Amino acid sequence: MTTTLAGGRAARRQTMRRIRPRRSPAVPLLLAVGAGAAGVLWLWWTNTPSIADTTGRILGAGRITGLLAGYLMALVVLQMARVPALERRVGSDRVARWHAMSGRYTLTLVLAHVFLVMWGYARQAGRPLGQIVQQTVDSVEHLPDMGKAAVGAGLLTAIGLVSMGPVRRRMPYDTWYYMHLFTYAAVFLTFWHQIADGNDFAVAPAAKTFWYGLYGAVTALALWYRVLTPIRMNVKHRMRVEAVVEEAPGIVSVLISGRKLHRMGAQAGQFFRWRFLAPGMRFSSHPYSLSAAPRPERLRITVKAIGDHSARLRELRPGTRVWAEGPYGALTAARRSRGKVLLVAGGVGITPMRALFETLPGAAGDITLLYRANSTQDLALWDELAKIAEERGARLMYAVNSPGGERPDISAESLRRKIADVDRHDVFLCGPPGFAQSVYEALRGAGVPARRIHHESFEM
């Protein structure tokens, strides 16, 4: 059985569209975040009297670390909300990096806040630093909402520990994913402590109103985009598995049928988070890119078996219900700024590149695809790629190991030999992290500006 989907009307219309690049809103968003942090510092400054002794300085430091931690907690929730303006314009990979960085800063500030405030309280009570644990226990027992805050801080610490690289890499994805969702509970529990015990909110009612508004807004966004929007989309489109086809050793395509799927707003280069309602897979949700442009009644993903979930996709039966969230990702034609485009794919990274190869606007000779694989047998979807190249007048190249196992040369010099004007191309890049990094460096060495190398990575 073949899964060839080249030549659809929607894809042909896409290739005729004008190039209209959109700028990423990342810089304005970061400036807005910085302005918010400056506002938090101003709130602390205006509500802080002159500090004359060491205890006052310690408590003052505890207050500012607590305020900044509370502000970052709201941003952590916002970054988990999967807001389309962030996921599709900034890029899911960059938002994921922001989330990881915000989480580390938040945990550091929370721990600093707890230590500094408890130390200050111990000094006020005439206790030495060695009795800070007892001071913490007493504060939890007597101050309002401190018990909730202690549980929330404990959850944040646990989440931070399992998100550390060495631990994260050894933990099953689904376990890490569901533990990560406890971030919402941690933020909820610590919020009430901020309002009840925060001196700045007690003396500045406007600040308390703003804090309620900030947390209320990010909570509403999380509920809307993480819960209500997926429910509405899946009820409307009613997706099911149509067929599962082996494309290459260890690589399968899953065809997904449904109602008016082209109205989901998906674009070539994007991905969904897929949940297949089959035994043993109901509670697993994984991101896979579309490997063809969306059709009115069909979507397709192509996946390499590199884990338990991806390996079980070949066992899916036709008719299995599918639950999806998305579309996500900014690796789309909107990133393009030049007439000529080079697509570089490594391994299963061919999936979004294949969809872009089919749909990117361009005349004959404008689009080139370089496909890296270990062997010719691993060149998944090659027949489709060849057909698309022939129909569009595009250039298709592959780079595979020699019979002796020698890796092909993908360097700045080899790129310039194969594509003389490579420095005047936009480049879309997808593949394993090591491959992507080496190709990025080669492209930079060949004179391609960093702003024209478009890549999304989901290594956290």
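The values are calculated or read from the model by the stated rules, or taken from the named source; none is laboratory data. Keep in mind the model is a prediction, meaning the values are calculated, not measured. Positions of Cβ are backbone-derived with ideal geometry, glycine not excepted, and every protein chain shown enters the neighbour counts. These accessible areas exclude ligands, DNA and RNA; they are computed on the full protein's heavy atoms, side chains included. Shrake-Rupley method; radii C 1.70, N 1.55, O 1.52, S 1.80 Å.
Compute the helix-to-body angle for 433-445: its Cα long axis versus the longest principal axis of the chain, expressed 0 to 90° and rounded to tens.
Long axis of 433-445 versus the principal axis of the chain: about 80 degrees.
With charges only on Cβ, +1 for K and R and -1 for D and E, what is the dipole size of the chain about its Cα centre, in debye, rounded to 20?
1640 debye
If you stretched the chain out fully between ALA185 and LYS260, how much longer would it get, using 0.36 nm times the residue separation minus the C-alpha to C-alpha distance?
Working: separation 75, 0.36 × 75 = 27.00 nm, distance 3.65 nm.
Working it through step by step, the gained length comes to 23.3 nm.
Cα axis of helix 92-124 to longest principal axis of the chain: angle in degrees, 0 to 90, nearest 10?
Between helix and principal axis, roughly 10 degrees.
Would you mind getting the Kirkwood hydrodynamic radius of segment 130-231 from its Cα pairs, rounded to one decimal in Å? The partial results should precede the final answer.
Numbers: mean 1/r = 0.0630 Å⁻¹.
Hydrodynamic radius (Kirkwood, Cα only) of segment 130-231 equals 15.9 Å.
Tell me whether segment 326-382 comes out rounded, prolate or oblate; compute the Cα gyration tensor, take square roots of the eigenvalues as a ≥ b ≥ c, and use a/c under 1.5 as the rounded threshold.
oblate
On the protein heavy atoms, probe 1.4 angstrom, tell me the percent of accessible surface of segment 337-391 carried by carbon and sulfur.
Working: 770 of 1730 Å².
Ligands and nucleic acids excluded, carbon and sulfur reach 45 percent.
In segment 284-410, what % of DSSP beta bridges are antiparallel (nearest 5)?
15 percent
What Rg and what Dmax come out for segment 85-162 when only alpha-carbon atoms are used, in angstroms?
16.9, 55
Rounded to the nearest 5, what is the percent of antiparallel bridges among the DSSP beta bridges in the chain? Mind dumping the intermediate values first?
Values: 26 of 46 bridges.
Here the antiparallel bridges make up roughly 55 percent for the chain.
Would you be so kind as to identify which of TYR212, GLY393, LEU299 lies farthest towards the positive end of the dipole of the chain, taking Lys and Arg as +1 and Asp and Glu as -1 on Cβ and the Cα centre as origin?
Of the candidates, GLY393 comes out farthest on the positive side.
Per the helix-only calculation at 222 nm, which mean residue ellipticity applies to the chain, given -39500 (n - 2.57) for every DSSP H run of n ≥ 4 and division by its residues, nearest 500 deg cm²/dmol?
Here the helix-only value at 222 nm equals -15500 deg cm²/dmol.
Can you divide the C-alpha Rg of segment 398-460 by 2.2 N^0.38 Å and report the result to two decimal places?
1.16
Kindly identify segment 30-182 as rounded, prolate or oblate by the Cα gyration tensor criterion: order the square roots of the eigenvalues as a ≥ b ≥ c, call it rounded if a/c is under 1.5, otherwise compare a/b with b/c, prolate if a/b is larger, else oblate.
Cα axes put segment 30-182 in the oblate bin.
Could you tell me the calculated FRET efficiency between TYR398 and GLU246, based on Cβ-Cβ distance and R0 = 22 angstrom, to the nearest 0.05?
0.65
What aspartates and glutamates could a cross-link reach from LYS387, if we take a straight Cα to Cα line under 20 Å and drop same-chain neighbours fewer than 8 places away?
Straight-distance partners of LYS387: GLU246, GLU247, GLU358, ASP366, ASP378.
Using only Cα atoms and rounding to the nearest 10 degrees, what angle (0 to 90) does helix 54-80 make with the longest principal axis of the chain?
Between the helix axis and the principal axis of the chain, the angle is about 30 degrees.
Label point 7 Å out from SER438 along Cα-to-Cβ: which residues of segment 388-417 have amide N under 18 Å?
Correct set: 398-417.
Using 1/(1 + (r/R0)^6) with R0 = 35 angstrom and r between the beta carbons of ARG317 and THR175, what's the FRET efficiency to the nearest 0.05?
Efficiency for this residue pair is about 0.85.
Within the chain, which is the longest segment containing none of the GluC sites (Glu not before Pro) that sit in a DSSP loop and have at most 14 other Cβ atoms within 10 Å?
Within the chain, the longest run free of exposed GluC sites (Glu not before Pro) spans 1-296.
Counting other Cβ atoms within 10 Å of each Cβ, which chymotrypsin sites (Phe, Trp or Tyr not before Pro) in segment 254-343 have at most 16 and sit in a DSSP loop?
Counting only loop positions with at most 16 other Cβ atoms within 10 Å, the chymotrypsin sites (Phe, Trp or Tyr not before Pro) in segment 254-343 are PHE283.
Expressed in nm to one decimal, what extension gain is obtained for the pair THR209 and GLN131 from 0.36 nm per residue of sequence separation less their Cα-Cα distance?
Fully extending the segment from THR209 to GLN131 adds 24.5 nm.
Hey, of (i) 25.8, 82; (ii) 21.9, 82; (iii) 26.8, 118, which did the structure itself give for Rg and Dmax of the Cα atoms in Å when calculated?
Calculated Rg and Dmax of the Cα atoms in Å: the matching label is (i).
Keeping every protein chain present and rolling a 1.4 Å probe, give me the accessible area per residue for the chain in Å².
With the other protein chains kept in place, the chain gives 48 Å² per residue.
Once neighbouring chains are kept in place and the probe is 1.4 Å, which whole percent of the accessible area of segment 94-200 is contributed by carbon and sulfur?
Working: 3930 of 5770 Å².
Result for segment 94-200: 68 percent of the exposed heavy-atom area is carbon or sulfur.
Enter the Cα centre distance for the pair segment 146-202 and segment 380-433, rounded to the nearest angstrom.
The two parts, judged by their Cα centres, are 45 Å apart.
Show me, bin by bin at 10 Å from 0, the whole-percent P(r) of segment 286-443 based on Cα pairs.
Binned Cα distances yield the sequence 9, 38, 36, 14, 3.
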